[in-house]
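The structure appears below as structure tokens.
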Amino acid sequence: MHFKLIIAFVEDGKTNKVIESAKVAGATGVTVISNARGEGPEGSRSFFGLSLESQRDMLLFLVEEHLCRHILELIGEVGEFDATRGAGVAVQIDVEDAIGLNRQAEMLAELVEEEL
């Protein structure tokens, strides 16, 4: 089985919605790193030195490669990445090797067989 890592930076208020939709699409788990910060080409907005940007969460999904693109697109749709400036970004990275995934691999084997 081959895995990919999806890394998504999501507005704090949309985190739970993104996680739930990714799980429905086949993600078996997620690691959430709270209070991530990012800056686009226009920089961050501030008022008297206080940041006006909302908090971001970094979500890490280790997913089976056949499910990855669908999950990635769903994350972008639910997070409104293309619809709203600065709403978030998600990328996928190829994973060369992983351990500690026996339980997830069993669940995914059945799911991927159904998908293919």
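The values are calculated or read from the model by the stated rules, or taken from the named source; none is laboratory data. Everything quoted here is computed from the prediction, not taken from an experiment. Cβ: placed from backbone, ideal geometry, glycine included. Neighbour counts: every protein chain shown.
Taking the range 65-104 only, how many residues are in a loop (DSSP other than H, G, I, E, B), surrounded by 18 or more Cβ atoms within 10 Å (Cβ to Cβ) and either in contact with a Cys (Cβ under 9 Å, 6 or more places away or on another chain) or not hydrophobic (A, V, I, L, M, F, W, C) (or both)? It would help to see each step written out before you state the result.
Of the residues in the range 65-104, the ones in a loop (DSSP other than H, G, I, E, B) are 79-87, 95-101.
This time we only want the ones that are surrounded by 18 or more Cβ atoms within 10 Å (Cβ to Cβ), so: 79, 81.
So of that shortlist, the ones also either in contact with a Cys (Cβ under 9 Å, 6 or more places away or on another chain) or not hydrophobic (A, V, I, L, M, F, W, C) (or both) come out as 79.
The number of residues fulfilling the criteria is 1.
State all residues of the range 9-26 that are over 11 Å from A87 (Cβ atoms), touching a helix residue (DSSP H, G or I) at 6+ places or on another chain (Cβ under 7 Å) and buried (at least 20 other Cβ atoms within 10 Å of the Cβ); if no residue qualifies, say none.
Selection gives A22, G26.
Could you list, in sequence order, all residues of the range 85-104 that are within 17 Å of the chain's Cα centre (by Cα) and within 22 Å of R37 (Cα to Cα)? Break it down stepwise before answering.
Just the residues of the range 85-104 that are within 17 Å of the chain's Cα centre (by Cα), to begin with: 86-95.
Result: G86, A87, G88, V89, A90, V91, Q92, I93.
Restricting the first residue to the range 54-76 and requiring it to be without any contact (Cβ under 8 Å) to a residue 40 or more places away in the chain and closer than 18 Å to Q104 by Cβ, which pairs with a second residue that is surrounded by fewer than 18 Cβ atoms within 10 Å (Cβ to Cβ) and of a type in the set (D, E) meet a Cβ separation below 9 Å and a spacing of at least six or different chains?
Qualifying pairs under 9 Å: none.
Collect the residues in the range 52-64 that are loosely packed, with under 13 Cβ neighbours inside 10 Å and aliphatic (A, V, I, L, M), keeping them in residue-number order.
Initially, the range 52-64 is screened for residues loosely packed, with under 13 Cβ neighbours inside 10 Å, giving 52, 54.
Once the filter is applied, which keeps residues that are loosely packed, with under 13 Cβ neighbours inside 10 Å and aliphatic (A, V, I, L, M), the range 52-64 yields only L52.
So, in the range 81-92, how many residues would count as being modelled with pLDDT of 95 or more and farther than 12 Å from A8 by Cβ?
So the count comes out to 0.
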